[in-house]
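Engineer: This structure is in C-alpha cells; I'll ask about it shortly.
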Amino acid sequence: MVDGMNESSLYLTNLIREEIEVLDGRGENFDARNRNVIIAGFSQGSAMGLMLLLGGELQRQGLSRRVGAFVGLSGWLPFRRQIEEIISRECVRFSDGGDVGAARNATTAYLRQLLRLRSADDKWNLHFGSHRIPSFFGHGELDVKVKFEWALQLRDILEQLEMDINFRSYKGLEHWWDEQEMTDVAEFLQKNVA
C-alpha cells in the first residue's frame, strides 16, 4: 500500500506541475499567482488527494501556492490513527494547549517518512502550506463502502489541524454522488476559485 501511495504522490505531483506549465503558457495576460488548479478525488482518489496535501510534496516543489481548491467526495483519511496520535502528542508538549503548527509539521514529516518522500532538499514552505487550500468534503450518510463515521473522523482531524475545510453530509446517499452534492461543489468552487 505504501509503495503505491509513494508512486501516486509522485505521479500526481508531476501531473500537477505539467498542468501548471500548460496554464503558464496561455499568454502574456496570464498571472502566475493565480490559484487555478483544482485537485479532486472520489473515494480512494479523495484519500490519495489528502495524502498529496498532507504529505508536503506540493509544498516542497513550490506547487501548493497554485492550488486553488481540493474536493474530496466519499473519502477517508489514511493513517488516521497515527495522525491522531501525532496531534495529541504535539498538543500535550505545550502548556497553553498545543501548537497546531507543530502538529501540522509533525504530520507532514511522518507522512513524508512513511511514504518515502524524503529528499536531500526536504523542506517545505510553511508560509503557504496545504492547510490554506480551501477544501470541500462531501459524504453520503448511507455509504457502506467508506463509512460515514470515517468521514466524520477525517473532518475532526482536519479541523484540529486548522485546515480550511467545508464538510457536507447527504442524507439517503450511498457511495456515490448526487445533484445536491454537485451543486454544493460548484458553489464551493465558484466561491474559492472563480
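The numbers here are math on the coordinates, done by the rules we state, and not lab data. Owing to the predicted nature of the structure, the values given are computational and were not obtained by experimental measurement. So basically every Cβ, Gly included, is an ideal-geometry build from the backbone, and we count neighbours across all protein chains shown.
Engineer: Percent relative contact order of the chain, based on C-alpha pairs within less than 8 angstrom and at least six residues apart?
Structural biologist: The value is 23 percent.
Engineer: Tell me the label-point distance for the pair Leu114, Val144, using the 7 Å Cα-to-Cβ offset, in nm and rounded to one decimal.
Structural biologist: 2.9 nm
Engineer: Run the reach check for Lys145 against aspartates and glutamates, Cα to Cα strictly under 17 Å, same-chain hits fewer than 8 apart removed. What comes back?
Structural biologist: The reachable aspartates and glutamates, counting only those whose Cα sits under 17 Å from Lys145, are Glu174, Asp178.
Engineer: Another question, then. Which one of Glu90, Glu162, Glu18 has the biggest mean-square fluctuation once the chain is modelled by GNM with Cα springs under 10 Å?
Structural biologist: Highest fluctuation among the options: Glu18.
Engineer: Hydropathy at least -0.5 by Kyte-Doolittle, axial extent at least 27 angstrom from the Cα trace: which helices of the chain, defined as entire DSSP H runs, fit?
Structural biologist: 2-24
Engineer: Oh, and also: With springs only between Cα atoms under 10 Å, which of Glu21, Glu179, Glu141 fluctuates most in a Gaussian network model of the chain?
Structural biologist: It is Glu179.
Engineer: Another question, then. Rounded to two decimals, what is the ratio between the C-alpha radius of gyration of the chain and 2.2 N^0.38 Å?
Structural biologist: Its radius of gyration relative to the 2.2 N^0.38 Å reference: 1.02.
Engineer: Give me the one-decimal nm value for the distance between modelled label points at Asp156 and Gln190, 7 Å along each residue's Cα-to-Cβ direction.
Structural biologist: In this crude label model, Asp156 to Gln190 measures out at 3.4 nm.
Engineer: Another one. Evaluate E = 1/(1 + (r/R0)^6) for Glu174 and Asp24, where r is the Cβ-Cβ distance and R0 equals 35 Å; express this FRET efficiency to the nearest 0.05.
Structural biologist: The calculated FRET efficiency here is 0.30.
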